[in-house]
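Participant: Pasting a structure here, questions to come.
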Amino acid sequence: MLSPPDIPHARRFQKHVHTYRILPDDEDFLAVQTSQGVQVRRFKTLSELIALYLQPNQGLVCTLLFPVERDKDKDPAEDRDYSDGEDEPSPPPFLLRSPHSEVDKVLGGLEILAKVFDQQSPPMVSKILQQVRGTQGHVVRDAQEDWNTFTHDKIRQLIKSQRVQNKLGIVFEKEKDKTQRKDFVFVSARKREAFCQLLQLMKNKHSQQDEPDMINIFIGTWNMGSVPPPKNITSWFTCKGLGKTLDEVTVAIPHDIYVFGSQENSLGDREWVDVLRAALRDVTEVEYRPVAMQSLWNIKVVVLVKPEHENRISHVGTSSVKTGIANTLGNKGAVGISFMFNGTSFGFVNCHLTSGSEKTARRNQNYLDILRLLSLGDKQLSSFDISLRFTHLFWFGDLNYRLDMDIQEILNYISRKELEPLLKVDQLNLEKEKHKVFLRFGEEEITFPPTYRYERGSRDTYVWHKQKPTGVRTNVPSWCDRILWKSYPETHVNCNAYGCTDDIVTSDHSPVFGSFEVGVTSQFVSKKGLSKSSEQAYIEFESIEAIVKTSSRTKFFIEFYSTCLEEFKKSFENDSQSSDNINFLKVQWSSRQLPTLKPILSEIEYLQDQHLLLTVKSLDGYESYGECPREGARGGDITEEDLEEAGVRDPGHKRVLLESLQLRK
């Protein structure tokens with residue numbers, strides 16, 4: 001079997017796995033990747049390639065036999081592709097080569113828009129594309145390509161590739177509930193950004209709906225106790241019950257995104273999604289669309305979105321990590337989903353950690369393993385743990401941290417509704433204070449009683465003795481079920497509700513809910529109108545100092561990552577270092593050793609929404625000694641919290657404390 005361009009395919013044949021990959025060359029001819037010394041056969045089209053390998057003795061372990069038929073009976077909502085197209089088969093992209101095209105003119109100030117907007121009739125995408133084709137450059141594409149005319153209201157989505165910075169996917173509406181995607185490859189990321197501005201400005205000029213800068217997200221976590229849910233779970237996703245709840249006006253407004261995490265969920269994946277969608281439909285009268293669903297044994301996470309936001313979501317990823325016995329069993333572990341909402345990245349992690357009051361250290365290790373191994377988000381940021389890869393990361397689930405207090409004292413405090421003494425002995429709070437887990441994660445104040453362990457069928461009685469094969473275990477009432485979050489500096493997150501239900505009693509856990517108001521960025525277009533200047537903005541570093549906990553005297557360098565840069569940048573090695581303690585090393589970079597960063601766009605309002613990720617690495621092993629995020633155009637001295645942020649998570653590794661980082665434009 002062969003796969004479409006850029007997609008590898010592995011096939012097992014006679015106890016061996018044979019992997020084939022179809023790659024386009026510089027002239028856009030296709031070829032199957034071969035071993036060294038084997039002549040490469042080039043094909044103009046994929047059909048020609050397939051025709052040859054249908055014949056025997058052409059170098060494959062067996063001939064191509066059967067085409068793969070597409071499943072035509074899927075629910076359109078489930079069949080929707082939210083990916084960036086980089087891991088999926090797609091037609092060869094348009095290659096825009098046009099040194100004197102309108103894209104270049106747009107980059108110099110977008111003057112063309114003034115002419116476009118002076119016209120009385122709505123501008124059309126086809127006109128722009130024809131202008132691009134009609135200049136001295138040209139579009140490289142199959143001559144059979146059908147160039148349809150699409151008005152601005154038919155553009156459903158702009159999807160910027162994360163791995164190929166000059167690649168852009170445009171999703172058009174062909175007919176009702178059917179879309180078509182075309183991929184464009186520009187000469188540079190700057191030209192891609194200029195083209196996106198052109199299209200977005202055109203849409204904004206004629207659109208009846210503004211892009212949101214704030215959305216509401218529901219987060220729910222529930223250990224279901226291995227029994228089906230009751231028929232009515234409305235109180236869970238309407239945030240009704242105990243603790244901080246929504247007021248009567250707000251509760252009637254449906255959230256933009258619903259994220260449901262569950263543990264010990266005995267339902268099948270499809271059945272569970274259907275239950276959630278039906279429950280939301282009954283209350284909100286909205287047919288929420290599934291973005292993604294990920295499961296690991298009975299640990300599940302589901303993301304549902306309003307139909308109006310479907311075309312704002314892209315780059316969807318899913319992953320799971322096992323942390324059960326020997327990290328091979330999936331009864332404990334985590335599942336995650338990530339995606340882009342317009343220009344804002346989101347990550348959602350649902351976990352079920354090791355149980356037992358005495359196993360705090362094991363839970364801490366579970367967290368570190370998930371942090372390191374869960375594969376979500378932009379793959380260019382793989383050197384950063386997942387807590388730094390997203391604008392907003394929500395982490396929730398049955399974390400299983402317990403209260404370190406005698407059972408009778410706990411019950412007495414609960415009966416008097418005195419929660420503060422209990423929160424002081426909460427293991428998760430204590431471990432966070434020691435900076436062992438969830439560094440710089442936030443959690444709303446807890447004003448609801450412990451959610452575990454209740455007598456099933458009631459919320460009046462806690463049951464703290466649990467019969468196990470190894471004997472009787474004591475499970476003191478605890479806040480096992482939690483919702484935490486972490487966001488980049490200077491971003492907006494406000495928790496409007498954090499509590500638990502008091503009427504869902506099928507499990508020994510109460511469902512926990514959280515409602516969040518979250519800031520998002522749209523496709524950037526300057527609020528001041530067209531840029532009058534073509535000056536390039538720069539981000540310069542006056543100096544960077546780091547204190548490294550290490551006895552080594554190696555040299556170090558810094559890598560800089562950001563979506564506002566065309567590619568990541570590296571510093572030179574530090575030009576000075578000193579030590580007053582054998583276990584610590586102070587390393588310094590002067591401005592001469594640090595790169596000048598040139599953002600794709602120069603508008604200050606754009607840069608204020610961007611963030612830099614910094615990682616310090618050693619020259620001898622290229623291992624990361626620490627990372628931290630910085631807001632793009634605000635600068636300022638790094639705070640004490642920023643120093644904590646740079647701590648390496650892997651046991652035995654060093655950590656970096658970044659000190660005086662100053663930015664200037």
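The values are calculated or read from the model by the stated rules, or taken from the named source; none is laboratory data. Just so you know, these numbers come straight off a predicted model, no measurement behind them. Glycine also receives a Cβ, built like all others from the backbone with ideal geometry; neighbour counts cover every protein chain displayed.
Participant: For the range 273-301, name all the residues that are closer than 21 Å to Val520 by Cα and part of a strand (DSSP E or B).
Facilitator: Arg289, Pro290, Val291, Ala292
Participant: Pairs only if they're at least six apart or on different chains, beta carbon under 6 angstrom, first in the range 48-68 and assigned to a loop (DSSP other than H, G, I, E, B), second surrounded by 13 or more Cβ atoms within 10 Å (Cβ to Cβ) and at pLDDT below 75; list them, first residue then second.
Facilitator: Val61/His18
Participant: Look through the range 468-486, keep the residues that are assigned to a loop (DSSP other than H, G, I, E, B) and among the hydrophobic types (A, V, I, L, M, F, W, C), and return whichever of them is surrounded by the fewest Cβ atoms within 10 Å (Cβ to Cβ).
Facilitator: Val476
Participant: If you don't mind, another one. So, in the range 619-632, how many residues would count as being of a type in the set (A, V, I, L, M, F, W, C) and either over 24 Å from the mean Cα position of the chain (by Cα) or at pLDDT 85 or above (or both)?
Facilitator: Of the residues in that region, 1 qualify.
Participant: Still on this model: Here are some conditions: (1) outside the structural domain of Val305 (by TED's automatic domain parsing); (2) in contact (Cβ under 8 Å) with a residue 40 or more places away in the chain. Leu168 meets all but one. Which one does it not meet?
Facilitator: All conditions pass for Leu168, except number (2).
Participant: Please specify each residue of the range 430-445 satisfying the condition of being free of Cβ contacts under 8 Å to residues at least 60 places away in the same chain, farther than 14 Å from Gln365 by Cα and under 26 Å from the mean Cα position of the chain (by Cα).
Facilitator: Residues satisfying the conditions are Phe441, Gly442, Glu443.
Participant: Let me ask something else. Return the total of residues in the range 561-593 being among the aliphatic types (A, V, I, L, M) and surrounded by fewer than 21 Cβ atoms within 10 Å (Cβ to Cβ).
Facilitator: Here the count works out to 2.
Participant: Right, something else. With the requirement that a residue be in contact with a strand residue (DSSP E or B) (Cβ under 7 Å, 6 or more places away or on another chain) and charged (D, E, K, R), what does the range 256-299 give you?
Facilitator: Across the range 256-299, the qualifying residues are Asp256, Glu264, Asp269, Arg277, Arg289.
Participant: Looking at (1) modelled with pLDDT of 95 or more; (2) crowded, with 22+ Cβ neighbours inside 10 Å, can you tell me which one Val548 breaks?
Facilitator: (1)
Participant: If you scan the range 300-311, which residues turn out to be touching an Asp or Glu at 6+ places or on another chain (Cβ under 8 Å) and in contact (Cβ under 8 Å) with a residue 40 or more places away in the chain?
Facilitator: Selection gives Lys300, Val305, Lys306, His309.
Participant: Now for a different question. Filter the range 202-222 down to the residues that are surrounded by 21 or more Cβ atoms within 10 Å (Cβ to Cβ) and within 15 Å of Arg156 (Cα to Cα) and list them by number.
Facilitator: Selection gives Met202 alone.
Participant: Taking the range 168-201, which residues are over 14 Å from Ile155 (Cα atoms) and of a type in the set (Phe, Trp, Tyr)? Quick ask: steps written out before the conclusion?
Facilitator: Within the range 168-201, the first condition is being over 14 Å from Ile155 (Cα atoms), and the residues that meet it are 184-194.
Within the range 168-201, Phe184, Phe186 qualify.
Participant: In this structure, does Gly261 turn out to be small (Gly, Ala, Ser) and closer than 29 Å to Gly519 by Cα?
Facilitator: It is true that Gly261 is small (Gly, Ala, Ser) and closer than 29 Å to Gly519 by Cα.
Participant: Residues of the range 420-434 being surrounded by 12 or more Cβ atoms within 10 Å (Cβ to Cβ) and not in a helix (DSSP H, G or I), which ones?
Facilitator: Selection gives Lys424, Val425, Asp426.
Participant: Of all residues in the range 374-419 being touching a residue at least 12 places away in the same chain (Cβ under 8 Å) and aromatic (Phe, Trp, Tyr), which is surrounded by the most Cβ atoms within 10 Å (Cβ to Cβ)?
Facilitator: Trp395
Participant: Can I ask one more? For Glu409, work out the one condition from (1) in a loop (DSSP other than H, G, I, E, B); (2) of a type outside the set (Ser, Thr, Tyr); (3) at pLDDT 95 or above it doesn't fulfil.
Facilitator: (1)
Participant: Scan the range 505-539 for residues that are at pLDDT 90 or above and acidic (Asp, Glu) and jot them down.
Facilitator: Asp508, Glu517, listed by residue number.
Participant: Report the residue count in the range 599-631 for those that are within 25 Å of Lys586 (Cα to Cα) and of a type outside the set (Lys, Arg). First the steps, then the outcome.
Facilitator: Applying the first criterion (within 25 Å of Lys586 (Cα to Cα)) to the range 599-631 yields 612-631.
Narrowing further to those that are of a type outside the set (Lys, Arg): 612-616, 618-629, 631.
So the count comes out to 18.
Participant: Residues Leu30, Leu52, Leu46, Leu23: which one is at pLDDT 65 or above, farther than 21 Å from Asp183 by Cβ and not polar (S, T, N, Q)? Walk me through it before giving the result.
Facilitator: Numbers: Leu30 fails: farther than 21 Å from Asp183 by Cβ; Leu46 fails: farther than 21 Å from Asp183 by Cβ; Leu23 fails: farther than 21 Å from Asp183 by Cβ.
Going through Leu30, Leu52, Leu46, Leu23 in turn, the sole match is Leu52.
Results for (1) free of Cβ contacts under 8 Å to residues at least 60 places away in the same chain; (2) within 25 Å of Asn496 (Cα to Cα); (3) outside any helix (DSSP H, G or I), shown as yes or no for each residue.
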residue: Lys182; (1), (2), (3): no, no, yes
residue: Glu193; (1), (2), (3): no, no, no
residue: Thr221; (1), (2), (3): no, yes, yes
residue: Lys240; (1), (2), (3): no, yes, yes
residue: Val251; (1), (2), (3): yes, yes, no
residue: Pro254; (1), (2), (3): yes, yes, yes
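Participant: Write out, first by first residue and then by second, each pair whose Cβ atoms fall under 6 Å of each other, whose residues are 6+ apart or on separate chains, and whose first residue, in the range 314-338, is in the same structural domain as Leu296 (by TED's automatic domain parsing) while the second is assigned to a helix (DSSP H, G or I) and crowded, with 20+ Cβ neighbours inside 10 Å.
Facilitator: If the second residue must be assigned to a helix (DSSP H, G or I) and crowded, with 20+ Cβ neighbours inside 10 Å, the pairs left are Val321/Ile370; Thr323/Asn366; Ala334/Ile370.
Participant: Could you please find all residues in the range 241-272 being surrounded by fewer than 21 Cβ atoms within 10 Å (Cβ to Cβ) and closer than 30 Å to Asn331 by Cβ?
Facilitator: Leu242, Glu264, Ser266, Leu267, Gly268, Asp269, Arg270, Glu271
Participant: Among the listed residues Leu376, Leu329, identify the single one that is part of a loop (DSSP other than H, G, I, E, B), under 23 Å from Gly514 (Cβ atoms), out of contact with any His (no Cβ under 9 Å at 6 or more places or on another chain) and not small (Gly, Ala, Ser).
Facilitator: On the way: Leu329 fails: under 23 Å from Gly514 (Cβ atoms).
Being part of a loop (DSSP other than H, G, I, E, B), under 23 Å from Gly514 (Cβ atoms), out of contact with any His (no Cβ under 9 Å at 6 or more places or on another chain) and not small (Gly, Ala, Ser) holds for just one of Leu376, Leu329, which is Leu376.
Participant: I've got another one for you. Kindly check whether there is at least one residue in the range 449-466 that is of a type outside the set (S, T, N, Q) and more than 26 Å from Glu264 (Cβ to Cβ).
Facilitator: Checking the range 449-466: not a single residue is of a type outside the set (S, T, N, Q) and more than 26 Å from Glu264 (Cβ to Cβ).
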